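Asks: Quick one: the structure is below, questions incoming.
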Amino acid sequence: SIITTMIMIMTTVFLKTLQQAEEIAETTHIHQKATVGTYTLDIAKSKVAKATAMARAENFPLSFEIEPE
């Protein structure tokens, strides 16, 4: 499911705990977006690329954006 994929991405790419990943998934479900973390631009780009690739590999249309702090 999309929630399982999101949890997997949050724990493996963004190194969130299971509880943090579940909270992010719930926030995303309610508000259609959530802040995952604050990173340097290079790290943010790398994490977004990896997370997007993982989502696409699972055929889920999750999208990730980098926003200035």
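What follows is calculated from the coordinates using simple rules that are stated; it is not laboratory data. Everything quoted here is computed from the prediction, not taken from an experiment. Note that we place each Cβ from the backbone using ideal geometry, even for glycine, and neighbour counts take in every protein chain shown.
Asks: If I take all pairs of Cα atoms in the chain, what percentage of them are more than 21 Å from each other?
Replies: When every Cα pair of the chain is considered, 15 percent fall beyond 21 Å.
Asks: Lys and Arg at +1, Asp and Glu at -1: add these up for the other residues within a Cβ distance under 10 Å of residue 16 and post the number. Before the final figure, lay out the partial values.
Replies: Numbers: positive: none; negative: 22, 23.
Net local charge, residue 16 excluded: -2.
Asks: Can you give the FRET efficiency to the nearest 0.05 for residue 34 and residue 59, using r as the Cβ-Cβ distance and R₀ = 25 Å? Numbers along the way, then the final one.
Replies: Details: r = 21 Å, r/R0 = 0.85.
For residue 34 and residue 59, the calculated efficiency is 0.70.
Asks: Follow-up question, since we're still on this one. Okay, which of the range 26-68 sit inside 19 Å, backbone N to the point 7 Å along the Cα-Cβ direction of residue 19?
Replies: Hits in the range 26-68 for residue 19 at 19 Å: 26-28, 35-37.
Asks: For a protection proxy built on the mean count of beta-carbon atoms within 10 angstrom, sort 43-50, 25-32 highest first, please.
Replies: On the way: 43-50: 14.6, 25-32: 12.4.
Ranking the peptides 43-50, 25-32 by packing returns 43-50, 25-32.
Asks: Based solely on its DSSP helices, what 222 nm [θ] is calculated for the chain when runs of n ≥ 4 H residues each add -39,500 (n - 2.57) and the sum is averaged over all residues, nearest 500 deg cm²/dmol? Don't jump to the answer; show the numbers that get you there.
Replies: Numbers: 3 runs with 42 residues, N = 69.
The helix-only estimate for the chain comes to -19500 deg cm²/dmol at 222 nm.
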